[in-house]
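Shown next, in structure tokens, is the structure this report addresses.
The values are calculated or read from the model by the stated rules, or taken from the named source; none is laboratory data. Model, not experiment: these values are computed from the prediction. So basically every Cβ, Gly included, is an ideal-geometry build from the backbone, and we count neighbours across all protein chains shown. All accessible areas refer to the heavy atoms of the entire protein, side chains included, with ligands and DNA or RNA removed. Shrake-Rupley method; radii C 1.70, N 1.55, O 1.52, S 1.80 Å.
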Amino acid sequence: IEFNEISPKAVQNALSHPRKINYNLVDAQQARRVLDRLVGYKLSPLLNNRIQNGLSAGRVQSVALRLIVDREREIKAFVPEEYWNLVALLQDEDKKYAPFKAVCQLKKSGTSIKKEQAEEAEAKVKAAGFTITKVKSGISKQHAPAPFTTSSLQQDASNKYGMSSPETMLVAQHLYEGMDVGGDHIALITYIRTDSVRVSAEAQANALEFIKAKYGESYVPAKPNHYATKKGAQDAHEAIRPINLAITPESVKNSLDKKHYNIYKLVYDRFVASQMSEAQYNTMQIEATSAGYVFKASGRSLLFAGFTAAYQLPVPKDKDEEEESSKLLPPLKEGDKPLLNDFTKEQKFTRPPLRYTDASLVKAMEEKGIGRPSTYASIISVLTKRRYVEKEGKYMVPTEVAYK
């Protein structure tokens, strides 16, 4: 029998419609077992005898370690290039609105921009004045994110709470198996090893009713949100979601420790948000030219919260200077000549790629089709346990033995 969600209705339906065994799937699983034995059983003893006791190899583990080592080699070979940001603090001519920052990046691929060049640009800009050459404004929409898969849950827990993949999965396993809540042992979330973003029709209908009651009609999308599962996904289980929306994170907060509460709230809020309408923003991009240099500024303000009323997407921490401000820019138009209130130069250097974290390694493995949802956490755990990698903060650094 075959079922794609763990619920009484799905299991009963499967029992009513048994099918013949698909021997292609059986053979595929046997082939994977053979690979595990060829790589793991044959290579692990060789590593123990020839390199260092306590080492191991695996069909997936070895490839994941290769990613980390290749990234480290890329970092060591990286040659930084100097560049400069010219930052102008501009204001409308009538001074009705607050000043805003506009940035010009002095940067050439393969060439360092020196301080003298930045100073020359500064002198020219200050002497020439500014003219608005391009204004683009409008309303942008941001669609709600899909409910969690194993991979995206691990990434979000790492980004928001600094939790490792093995730690996240251990906590999620407890929530799936059941927790003592108010004297009862209750399972709080659905199966936690999945690569699918599909949810049952019953769960979606319940979510839409919940959203309408809590947030209002405008937060319910015109058509229910459906998400495409990635090509190659097994889609054996639905996405990770709360089993019962009536059990809110706040209602069980006193029964759970901090980590269990955080993961439950993450799963709960993400699922609710996935079924909500789009967030809408007023957006504006401005280009101001001075002495041939183009300065750019962008801003946005929230017009309608949509799904963000339930869940906030993580903010990229490495976003550079051209990040959007939280407020809309003044209503300038092409041809306007804003005033220069202040001017600064910022010396910068191009940066090497970042080392892998739990979150970025899981994302890379998923994108490259390495491993399955059930193996991400165990791969990272083994790499650390066998001392192939060491942690520097949240980043993975390969040890000497990893290069062998």
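If only residues of segment 332-380 that are charged (D, E, K, R) and part of a helix (DSSP H, G or I) are counted, the one that is farthest from PRO166 (Cα to Cα) is GLU367. Restricting PHE148, PHE130 to residues that are over 29 Å from GLU367 (Cα atoms) and either crowded, with 19+ Cβ neighbours inside 10 Å or not β-branched (Val, Ile, Thr) (or both) narrows the list to PHE130.
What residue, among those in segment 276-292 that are in a strand (DSSP E or B) and in contact with a helix residue (DSSP H, G or I) (Cβ under 6 Å, 6 or more places away or on another chain), is surrounded by the fewest Cβ atoms within 10 Å (Cβ to Cβ)? If we take residues in segment 276-292 being in a strand (DSSP E or B) and in contact with a helix residue (DSSP H, G or I) (Cβ under 6 Å, 6 or more places away or on another chain), then ALA279 is surrounded by the fewest Cβ atoms within 10 Å (Cβ to Cβ).
Residues of segment 151-181 that are among the hydrophobic types (A, V, I, L, M, F, W, C) and open to solvent by 50 Å² or more (accessible area, probe 1.4 Å): LEU170 alone.
Against the criterion of being touching a strand residue (DSSP E or B) at 6+ places or on another chain (Cβ under 9 Å) and open to solvent by 70 Å² or more (accessible area, probe 1.4 Å), LYS253 does not qualify. Scanning segment 293-310 for residues that are among the aromatic types (Phe, Trp, Tyr), under 22 Å from ALA146 (Cβ atoms) and open to solvent by 20 Å² or more (accessible area, probe 1.4 Å) yields one hit, PHE304.
Within segment 386-404, residues that are closer than 22 Å to GLY162 by Cβ have Cβ atoms under 8 Å from residues that are assigned to a loop (DSSP other than H, G, I, E, B) and polar (S, T, N, Q) in these pairs: ARG387/THR399; TYR388/THR399; VAL389/THR399; GLU390/THR399; LYS394/THR357; TYR395/THR357; MET396/THR357, counting only partners at least 6 apart in sequence or on another chain. Listed by first and then second residue, the pairs with beta-carbon distance under 6 Å, at least 6 apart or on different chains, first residue in segment 197-217 and under 16 Å from PRO242 (Cβ atoms) and in contact (Cβ under 8 Å) with a residue 60 or more places away in the chain, second assigned to a helix (DSSP H, G or I) and aromatic (Phe, Trp, Tyr), are ILE211/TYR219. Kindly check whether there is at least one residue in segment 182-190 that is open to solvent by 20 Å² or more (accessible area, probe 1.4 Å) and at positive phi. Yes, segment 182-190 contains a residue that is open to solvent by 20 Å² or more (accessible area, probe 1.4 Å) and at positive phi. Among the residues of segment 96-117, the ones that are surrounded by 11 or more Cβ atoms within 10 Å (Cβ to Cβ) and under 30 Å from LEU328 (Cβ atoms) come to 10 in all.
Across segment 63-83, a minimum of one residue is classified as closer than 24 Å to LYS385 by Cβ, modelled with pLDDT of 70 or more and among the small types (Gly, Ala, Ser).
Residue check: LEU313 meets all listed conditions (1) within 24 Å of GLU122 (Cα to Cα); (2) modelled with pLDDT of 80 or more; (3) of a type outside the set (Lys, Arg); (4) open to solvent by less than 70 Å² (accessible area, probe 1.4 Å) but one, namely (1).
In the set THR357, THR344, THR375, only one residue is loosely packed, with under 14 Cβ neighbours inside 10 Å and among the β-branched types (Val, Ile, Thr); that residue is THR344.
The set of residues from segment 198-238 being open to solvent by less than 20 Å² (accessible area, probe 1.4 Å), at pLDDT below 95 and part of a loop (DSSP other than H, G, I, E, B) comprises SER200, GLU238.
TYR227 meets the conditions (1) farther than 17 Å from ALA310 by Cα; (2) in contact with a Phe, Trp or Tyr (Cβ under 9 Å, 6 or more places away or on another chain); (3) hydroxyl-bearing (Ser, Thr, Tyr) in every case but one. The failed one is (2).
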